[in-house]
Amino acid sequence: MKSIEKIGLGGGCHWCTEAVFQSVKGVISVEQGYIASIDDNATFSEGIIITFNLELIDLRLLIDIHLITHKSTKNHSMRDKYRSAIYTFSDTQKAQSKQILHELGKEYYGTLVTLVLDFNAFKMSRNEITNYYYNNPEKPFCKAFINPKLKLLLKDYGAHVNHEKLSHLKVESIE
């Protein structure tokens, strides 16, 4: 089916990234693990692979959500472990991702450090830590790091969120 695609994303902790995209309408599945590209980015870095339905969500929105839910404008000492990247599965997807990233870059304060890379390899996380947030929403890590990202997702992209999954979160109004 042509409307079903995959894209890889990396940037922050894969537990966080997994929870964010598991909560987005149009995302069919999220695989959490470690992604490698080629050449200078051939080492594995935390990331996810999303299978999504283009009829329900477009690539631009997925990339936009990705950019606001991790430190996409900051190079930091953990970038080898948390590479800010979009891993593409075709030349067309690579060109689209570069164009989208360029357009969205104009809307963000600062320069984006997010790379558009060829997908090369994936290693799935061990079973005990997959679906981490939805299996452990009361854990301190989830409350401290994942809940703020999910609240941001609800506030900025509420129309694109599965509200049933996030009904336990309260989003504070901004005055």
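Summary of computed values
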{"read-out": "Cα gyration tensor category, rounded, prolate or oblate, for segment 1-133 with a/c compared to 1.5", "value": "rounded"}
{"read-out": "Segment LYS139-ASN75, extension gain: residue separation times 0.36 nm, minus the distance between their alpha carbons", "value": "20.2 nm"}
{"read-out": "Residues whose placed amide H lies under 5 Å from that of ALA85, excluding near-sequence neighbours", "value": "GLY10, GLY11, LEU115"}
{"read-out": "Relative contact order of the chain, defined on C-alpha pairs under 8 angstrom at six or more residues apart (%)", "value": "30 percent"}
{"read-out": "Segment 39-116, accessible area per residue, ligands and nucleic acids excluded (1.4 Å, Å²)", "value": "53 Å²"}
{"read-out": "Listed residue pairs exceeding 23 Å between alpha carbons, taken from LYS25/LYS155; LYS98/LYS155; LYS2/LYS123; LYS2/LYS155", "value": "LYS98/LYS155; LYS2/LYS123; LYS2/LYS155"}
{"read-out": "Solvent-accessible area, 1.4 Å probe, carbon plus sulfur percent, for segment 1-135", "value": "50 percent"}
{"read-out": "Cα gyration tensor shape of segment 93-137, rounded if a/c is under 1.5, else prolate or oblate by comparing a/b with b/c", "value": "oblate"}
{"read-out": "Ellipticity estimate at 222 nm from DSSP helix runs (n ≥ 4, -39,500 (n - 2.57)) divided over the chain, nearest 500", "value": "-8000 deg cm²/dmol"}
{"read-out": "Label point distance in nm, SER3-THR43, each placed 7 Å from Cα along Cα→Cβ", "value": "4.2 nm"}
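The values are calculated or read from the model by the stated rules, or taken from the named source; none is laboratory data. Since this is a predicted model, take the numbers as computed values, not measurements. Don't worry about glycine lacking a Cβ; one is built from the backbone with ideal geometry, like all the others, and counts go over all protein chains shown. SASA here: full protein model, heavy atoms, side chains in, ligands and nucleic acids out. Shrake-Rupley method; radii C 1.70, N 1.55, O 1.52, S 1.80 Å.
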